[in-house]
């Protein structure tokens, strides 16, 4: 988590970045104007303006990237390798040995369940703007598994439906085909 995301909540970061970019655009317009009352030659003024412009743009791009991925529970925050520490399906708890034999690899747009040599990859779309946060997994065969997730530090809870109806909480009842998993981030 970056210092930027600790100081400002997500909505304030977005407003900050937008205002920063607005000020940067104003500066860019000024930088491309002419300075008549300068003791420097026009060539030196142009070079200085270009360097300042590049600096402002570099900082703006960095801040936008941090605001998009840091600390808001979005896909950027989920990326990494996760170990399953507990699981439950249709109200039946998975034996700890079975749960711990699985890992989950999350990339920018994919989620892969790994158990031994077996890998099952899904395309993911997350929506951290709602509570509970939503995640949709789409298999290679086109099947969809809607779900919800909760990220607290290095612990991730997932509740996934086997049918089209998104779970409302992190429980798995008999008769449903929903699965609930608790994962911990492996290494950093």
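Of the residues making up the stretch 99-119, those that are surrounded by 12 or more Cβ atoms within 10 Å (Cβ to Cβ) and without any contact (Cβ under 8 Å) to a residue 12 or more places away in the chain are 112, 113. A residue that is part of a loop (DSSP other than H, G, I, E, B), out of contact with any strand residue (DSSP E or B) (no Cβ under 7 Å at 6 or more places or on another chain), modelled with pLDDT under 95 and under 15 Å from residue 77 (Cβ atoms) occurs nowhere in the stretch 172-186.
Mind listing whichever residues of the stretch 134-145 are surrounded by fewer than 19 Cβ atoms within 10 Å (Cβ to Cβ) and either closer than 16 Å to residue 79 by Cβ or touching a residue at least 12 places away in the same chain (Cβ under 8 Å) (or both)? Passing the criteria: 134, 136, 138, 139, 140, 144. Residue-level analysis places residue 77 among those that are modelled with pLDDT under 95, surrounded by 15 or more Cβ atoms within 10 Å (Cβ to Cβ) and touching a strand residue (DSSP E or B) at 6+ places or on another chain (Cβ under 8 Å).
Taken together, the residues in the stretch 112-155 that are outside any loop (DSSP other than H, G, I, E, B) and touching a strand residue (DSSP E or B) at 6+ places or on another chain (Cβ under 8 Å) amount to 29. Please determine whether any residue of the stretch 99-117 is assigned by TED's automatic domain parsing to the domain that holds residue 175, under 14 Å from residue 183 (Cβ atoms) and under 13 Å from the mean Cα position of the chain (by Cα). The answer is yes; a qualifying residue exists.
The values are calculated or read from the model by the stated rules, or taken from the named source; none is laboratory data. Everything quoted here is computed from the prediction, not taken from an experiment. Please note: Cβ atoms are built from the backbone with ideal geometry, for glycine as well, and neighbour counts cover all protein chains shown.
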